1. Residue 122 versus (1) surrounded by 15 or more Cβ atoms within 10 Å (Cβ to Cβ); (2) in contact (Cβ under 8 Å) with a residue 24 or more places away in the chain; (3) more than 16 Å from the ligand (Cβ to nearest atom): which is the lone unmet condition?
2. Can you pull out every residue in segment 177-197 that is more than 7 Å from the ligand (Cβ to nearest atom), surrounded by fewer than 23 Cβ atoms within 10 Å (Cβ to Cβ) and over 19 Å from residue 17 (Cβ atoms)?
3. Within segment 33-55, which residues are in contact (Cβ under 8 Å) with a residue 40 or more places away in the chain, out of contact with any Lys or Arg (no Cβ under 9 Å at 6 or more places or on another chain) and not in a loop (DSSP other than H, G, I, E, B)?
4. Which ones in segment 53-108 are touching a Gly at 6+ places or on another chain (Cβ under 7 Å), surrounded by fewer than 18 Cβ atoms within 10 Å (Cβ to Cβ) and farther than 19 Å from residue 30 by Cα?
5. What number of residues in segment 202-247 are more than 12 Å from the ligand (Cβ to nearest atom) and of a type in the set (A, V, I, L, M)?
6. Residue 81 fails exactly one of the following numbered conditions: (1) in contact (Cβ under 8 Å) with a residue 40 or more places away in the chain; (2) more than 28 Å from residue 241 (Cβ to Cβ); (3) within 16 Å of the ligand (Cβ to nearest atom). What is the number of that condition?
7. I need the full set of residues from segment 10-32 which are within 15 Å of the ligand (Cβ to nearest atom), of a type in the set (A, V, I, L, M, F, W, C) and part of a helix (DSSP H, G or I), in order please.
8. Does residue 110 satisfy the condition of being without any contact (Cβ under 8 Å) to a residue 60 or more places away in the chain and closer than 24 Å to residue 220 by Cβ?
Amino acid sequence: MNDTLLDRVADALRQAQRVTVLTGAGVSAASGVPTFRGPGGLWKSFRAEDLATPEAFARDPLLVWEWYDWRRQRLAHCQPNRAHVVLGSWGALFPHYRLLTQNVDGLHERAGFEPIRLHGSIWELSCWSRACGSGTWRNDQVPLAERPPRCPSCGGLARPGVVWFGEGLDPHDVAQATAATACQVFIAAGTSSLVYPAAGLVHDAHRRGAFTVEINPDETPASAIVDVRLQGGAETVLHDLDERLRG
Ligand code: OAD
């Protein structure tokens, strides 16, 4: 890791009141959670785009639930890593701190900080029927007692409380995320920056004058526009950055 780059980011953070971090699957990689587009991202030869859609669920709800149940079972054995811990601790460091996540795994929450969950939570369920109006409910059963699980209100099919491809994000979350791009430092950590609208946030922050940073071992479409690329795993880069910030 380039010390000069780390120092530049630490300096920017030291002067900042408004700091926003967007996380993606890479932040949970060191916890043993496979990323979507990296090694281990396939399940039984399916890609996320094959299963995380309303059409896939309508066609084969059991298959989609098998995938989610498998992911929930894996997650039950995972612990937050240093990236989650550092990002959680920053809530006490910056007066206006926002943590936005595309991750549905609940690891930021388990590290003690409530992020804005742009893609929902794998630990929440909702009714597949829009007419039911049962809202979302928490379900921590691992493995699921009933597959596919049922809606406690109407007895119909329940679905994972996540945002699928082709679905809109919660407008309240989008409004909060957009407002959070009016910051002094914006960090995109562990995301391939391919899936919109989340991928657009770093561009918004850049346009609005934020100092932008990417933390990722690999190059992404965001790499070309950020002020600083910190190349490496989020768990080590954020640890090193945090030490400089507090040292
Ligand atoms: P991806 O799997 O697309 O990208 C993960 C990124 O993390 C890649 O750019 C990796 O290079 C990087 N990475 C891997 N290990 C890392 C580490 N230790 N530290 C930091 N970065 C690391 O995951 P997302 O960008 O989160 O949506 O994907 C976005 C959305 O697409 C997901 O929320 C999900 C997915 O399909 C839905 O399911 C709707």
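Here, each number is a calculation from the coordinates, and none is a lab measurement. All of these numbers come straight from a predicted model, not from anything done at the bench. Cβ sites come from the backbone with ideal geometry, for glycine too, and all protein chains shown count toward neighbours.
1. (3)
2. Selection gives 196, 197.
3. Hits for segment 33-55 are 49, 55.
4. Scanning segment 53-108 gives 53, 54.
5. 9
6. (2)
7. First pass over segment 10-32, keeping only residues within 15 Å of the ligand (Cβ to nearest atom): 21-32.
After this cut, where a residue has to be of a type in the set (A, V, I, L, M, F, W, C) as well, the list is 21-22, 25, 27, 29-30.
Listed by number, the residues that qualify are 25, 27, 29, 30.
8. Working: without any contact (Cβ under 8 Å) to a residue 60 or more places away in the chain: yes; closer than 24 Å to residue 220 by Cβ: no.
So residue 110 does not fit the description; no.
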